[in-house]
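The values are calculated or read from the model by the stated rules, or taken from the named source; none is laboratory data. If you're wondering where the values come from, they're calculated on a predicted model, not measured in any experiment. All Cβ positions, glycine included, derive from the backbone under ideal geometry; neighbour counts span all protein chains shown.
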Amino acid sequence: MRKKIIAGNWKMFKDLVEANDFFKQLIEKLPDTEAEVMIAPSFTNLWHSFQITRDYPIEIIAQNMHEENLGAYTGEVSAEMLKSVGVQRVILGHSERRMFFGECDEQLNLKVECAVNNEMNFIFCVGEEMEDRNSNNHFKVIKRQLDIGLFEMYPEDWKHAVIAYEPVWAIGTGETARPEQAQEMHHFIRKTIADVYGNEIAENVSILYGGSVKPDNAKQLFQQPDIDGALVGGASLKVSSFIKIIQAI
């Protein structure tokens, strides 16, 4: 049975004091839920965030990592470094990494390989831009991202993987894919995986929706049969809105 997951991506927000205040409130108000709750703070907050949440059902995850295990890569962080501070999961291929830092499908393939080799779990992001959807190329774009990024994995490697569908046109714009649009793409992703790896793997991988998820649209999204949770951006920065999204699932 695939997992329900609510993951918050803080991006470049919250200093140490703000992160500490957030977690104190979240721990106090965290609702009972079968969903796994995850937060991705900035690199500078990972160790403290892990320490303050380690006795609670909150997983601290990273926003990115380098594809090499070590080396002269100024400003980068390796899988082993993340694991050394308690982090066991990383977000790979977020659209902002692709857009602003030039990460391509081939590089993300290497990051996936590195994660698997280091027994690191990961959330792999895919998504199309508005021009892709308007030109009816959105399925083609997602298939290419899956083909190059993930489909060199062995079947047993899928235990490390979660997928997040995040239409680029809906990230930070206030726009959200309609529930039926999101479900259509989630179903396509699951079928594409099944075509390569079989139904058992496809039915067991969690696929999250990301793209301006808010308390007022979360429940409709989570009612779709192939949507297993959310990768939440702005709404994860406030305890009140993040908790409402957790409750919605």
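For residues that are over 10 Å from residue 67 (Cβ atoms) and not charged (D, E, K, R), scanning just the range 102-116, find the one that is surrounded by the most Cβ atoms within 10 Å (Cβ to Cβ).
Taking the candidates together, the pick is 116.
The rows are residues; the columns are (1) in contact with a strand residue (DSSP E or B) (Cβ under 8 Å, 6 or more places away or on another chain); (2) touching a residue at least 24 places away in the same chain (Cβ under 8 Å); (3) of a type outside the set (Lys, Arg); (4) over 20 Å from residue 153 (Cα atoms).
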site	(1), (2), (3), (4)
74	no, no, yes, yes
82	yes, yes, yes, yes
85	no, yes, yes, yes
93	yes, yes, yes, no
123	yes, yes, yes, no
135	no, no, yes, yes
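What helices (runs of 4 or more DSSP H) lie completely within the range 1-114 and have 3 or more residues being under 20 Å from the mean Cα position of the chain (by Cα) and closer than 26 Å to residue 244 by Cα?
16-29, 46-53
Would you check if residue 50 is touching a helix residue (DSSP H, G or I) at 6+ places or on another chain (Cβ under 7 Å), surrounded by 15 or more Cβ atoms within 10 Å (Cβ to Cβ), farther than 19 Å from residue 206 by Cα and not small (Gly, Ala, Ser)?
no
For the range 10-61, which positions are among the hydrophobic types (A, V, I, L, M, F, W, C) and either touching a residue at least 60 places away in the same chain (Cβ under 8 Å) or within 21 Å of residue 211 (Cβ to Cβ) (or both)? Give the derivation first.
Pass one, the range 10-61, residues among the hydrophobic types (A, V, I, L, M, F, W, C): 10, 12-13, 16-17, 19, 22-23, 26-27, 30, 35, 37-40, 43, 46-47, 50, 52, 58, 60-61.
Of everything in the range 10-61, those that are among the hydrophobic types (A, V, I, L, M, F, W, C) and either touching a residue at least 60 places away in the same chain (Cβ under 8 Å) or within 21 Å of residue 211 (Cβ to Cβ) (or both) turn out to be 10, 12, 13, 22, 26, 30, 35, 37, 38, 39, 40, 61.
Can you confirm whether the range 157-178 contains a residue that is among the polar types (S, T, N, Q), farther than 19 Å from residue 89 by Cβ and out of contact with any Lys or Arg (no Cβ under 9 Å at 6 or more places or on another chain)?
Yes: one or more hits.
Restricting attention to the range 161-176, does a residue exist that is among the β-branched types (Val, Ile, Thr), modelled with pLDDT under 95, under 16 Å from the mean Cα position of the chain (by Cα) and assigned to a helix (DSSP H, G or I)?
First, pick out the residues of the range 161-176 that are among the β-branched types (Val, Ile, Thr): 162-163, 168, 171, 173, 176.
Remaining after also requiring modelled with pLDDT under 95: 168, 171, 173, 176.
Checking which are under 16 Å from the mean Cα position of the chain (by Cα) leaves us with 168, 171.
Next cut, assigned to a helix (DSSP H, G or I) only: 168.
Within the range 161-176, one or more residues are among the β-branched types (Val, Ile, Thr), modelled with pLDDT under 95, under 16 Å from the mean Cα position of the chain (by Cα) and assigned to a helix (DSSP H, G or I).
The conditions are (1) touching a helix residue (DSSP H, G or I) at 6+ places or on another chain (Cβ under 6 Å); (2) surrounded by fewer than 16 Cβ atoms within 10 Å (Cβ to Cβ); (3) of a type in the set (Asp, Glu), and residue 152 fails exactly one of them. Which is it?
For residue 152, the failing item is (1).
When residues of the range 78-99 are filtered for being surrounded by fewer than 18 Cβ atoms within 10 Å (Cβ to Cβ), under 11 Å from residue 62 (Cα atoms) and among the charged types (D, E, K, R), how many remain?
1
Condition first: among the aliphatic types (A, V, I, L, M), touching a Phe, Trp or Tyr at 6+ places or on another chain (Cβ under 7 Å) and at pLDDT below 95. Can you find one or more residues in the range 56-78 that meet it?
No, that holds for no residue.
Output the residue which, of all residues in the range 117-130 that are under 14 Å from residue 150 (Cα atoms) and either polar (S, T, N, Q) or at pLDDT below 95 (or both), is surrounded by the fewest Cβ atoms within 10 Å (Cβ to Cβ).
Out of the qualifying residues, it is 117.
For residue 132, only one of the following conditions fails: (1) more than 13 Å from residue 95 (Cβ to Cβ); (2) in contact with a His (Cβ under 6 Å, 6 or more places away or on another chain); (3) not basic (Lys, Arg). What is its number?
(1)
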